[in-house]
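The values are calculated or read from the model by the stated rules, or taken from the named source; none is laboratory data. Please read all numbers here as calculations on a predicted model, not as lab measurements. Every residue, glycine among them, receives a Cβ derived from its backbone with ideal geometry; neighbour counts consider all protein chains shown.
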Amino acid sequence: MSAVANITPRQFLAHLGNNHMPIVKPCDVFINHRGVDTKKTVAALLYDRLVRMNLRPFLDYKNLKPGEKLFDEIHGAIRHCKVGVAVFSPRYCESYFCLHELAMIIESNKKLIPIFCDIKPSELRIEDDNDYEIDELRRFNWALQQAKQFECLKFNSFKETLPEVVTKISNVVIRNLAN
């Protein structure tokens, strides 16, 4: 009897899970954002506008399907995107996932377009609540400092409308994709 015949269904499923290679869906723009702050505003409007412009943006809740592995899909999208858009908001740095994605974008040497929504770059900092390993904290702080070095767009919701800022952002994305 062959060795394959002796594998239980549980072992087979575990083997599939361990060797899962996500199908990489082409992506032009990865939109990094803190969901509770900007998912239904800047991030969603930008995603929709880029789709209407025949681009392929990645926004977690728009692209991920039930059953897909969250981290695999996000990591694949970052690795294969051409441009990253980081939508910084007042509580952005409270999210491990936001900081991890930002670090991946920076480490991958992707073009980055930082958008500061209702926060100044100087106000954006990670509070050390001993939630992170020291190496992680260094990595996240480094990525945040790198992001602050890029030419950015600033959005003040008291002075501009969302459509105005989304138009500006999409125009900058187009210019960055063209270069």
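Brief remarks follow.
- With respect to (1) assigned to a helix (DSSP H, G or I); (2) farther than 23 Å from Lys39 by Cβ, the lone exception for Tyr132 is condition (1).
- Residues being closer than 14 Å to Cys27 by Cβ and without any contact (Cβ under 8 Å) to a residue 24 or more places away in the chain - total across segment 68-110: 0
- Residues within segment 122-179 that are in contact with a helix residue (DSSP H, G or I) (Cβ under 9 Å, 6 or more places away or on another chain), small (Gly, Ala, Ser) and closer than 20 Å to Leu99 by Cβ, tallied: 2
- Within segment 127-154, being exposed (fewer than 13 other Cβ atoms within 10 Å of the Cβ) and of a type in the set (Gly, Ala, Ser) holds for no residue.
- Among the residues of segment 29-55, those identified as in contact with a helix residue (DSSP H, G or I) (Cβ under 7 Å, 6 or more places away or on another chain), in a helix (DSSP H, G or I) and over 18 Å from Glu94 (Cα atoms) are Thr41, Val42, Leu45, Leu46, Tyr47, Arg49, Leu50.
- Selected residue [surrounded by 12 or more Cβ atoms within 10 Å (Cβ to Cβ), modelled with pLDDT of 80 or more, among the basic types (Lys, Arg) and over 30 Å from Lys148 (Cβ atoms)] from Lys69, Lys65: Lys69
- Note on segment 82-107: residues that are assigned to a loop (DSSP other than H, G, I, E, B) and within 20 Å of Arg175 (Cα to Cα) amount to 1.
- Taking the listed residues Ile119, Ile78, the one that is among the aliphatic types (A, V, I, L, M), buried (at least 17 other Cβ atoms within 10 Å of the Cβ), over 17 Å from the mean Cα position of the chain (by Cα) and not in a strand (DSSP E or B) is Ile119, with no other qualifying.
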